[in-house]
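Working notes for the structure below.
The values are calculated or read from the model by the stated rules, or taken from the named source; none is laboratory data. These numbers were taken from a predicted model, which means no experiment stands behind them. For neighbour counting, all protein chains shown are included, and Cβ atoms are generated from backbone atoms with ideal geometry for every residue, glycine included. Accessible surface areas use protein heavy atoms only, side chains included; no ligands, DNA or RNA. Shrake-Rupley method; radii C 1.70, N 1.55, O 1.52, S 1.80 Å.
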Amino acid sequence: ASRHTAMRSRGFSLVEMMVVTAVIVIMAAVGYPHFRGYTADAHLLGAARAFKGEFRKARSMAIRSGVYTGIRFERRLEGDVFAVYADGNGNGIRTADIRRGLDRLVAGPFPLNAAIPGVRVGILPGIPVPPPGRGQLTGDPIRFGRSDILSFSPLGTATPGTFYLAGDGAQAAVRVIGGSARVRLMTWRGRWRAR
């Protein structure tokens, strides 16, 4: 009996190892979807925060320089991009002035995917409009007027609108309030939450 006890104290039996392995496999299978969802949410939130930072930087540039500054969103064959422009003739950022070279390029163009895997500019189907709106999101994910230009004035005001990013089962909205140019970040996974 003492020999059997000595052997048992040296290690685990094959049955014990199989049970431990099965428990680890089951825990991994249960935890993987949660880990994947967490990773997707982190990527989406990171991309949304990057754009929120770009919006704030453009506002700061407008106030500091005393010149209208805008972020223009463009759809190109090689992919969607954004670029920062400064007003050159005192009438705000305008597409026609950009084409004529009056409103000068300050930075960019930069890709709109924010170089983060699994995140794109877009709207997922069946997502409700962020509060206080009603209904479901549809249409253009870039909503800053007809020209897709987010413009900041030297007084700190802005073109109101919202920029939408889509991830794996989650949605983000970067919203700019017109009068105050306050930038709000919200995410949706089952419900909208302010971030």
Beta carbons within 10 angstrom, averaged per residue: use that to sort the peptides 84-93, 133-142, highest first.
-> 84-93, 133-142
What relative contact order, as a whole-number percentage, does the stretch 87-195 give when Cα pairs under 8 Å and 6 or more residues apart are counted?
-> 18
With all protein chains present, calculate the accessible area of residue 51 using a 1.4 Å probe and round the result to the nearest 10 Å².
-> 10
With the radius of gyration and the Kirkwood radius both derived from the Cα set of the stretch 35-183, what is their ratio Rg to Rh?
-> 0.98
Count the net charge of all other residues whose Cβ sits under 13 Å from the Cβ of residue 105, scoring Lys and Arg as +1 and Asp and Glu as -1.
-> 0
Rounded accessible area of residue 65 (nearest 10 Å², 1.4 Å probe) | 70
Protein accessible area in the stretch 100-195, 1.4 Å probe - carbon and sulfur % = 55
Can you pull the accessible area of residue 72 for me, 1.4 Å probe, Å² to the nearest 10?
-> 40
Per residue value of the accessible surface for the stretch 92-195 (all protein chains in place, 1.4 Å probe), Å² = 51
Extending each Cα 7 Å along its Cβ direction at residue 60 and residue 18, get the distance between those two points in nm, one decimal.
-> 6.2
Where 74, 16 fall by accessible area, highest first, once all protein chains stay in place (1.4 Å) | 16, 74
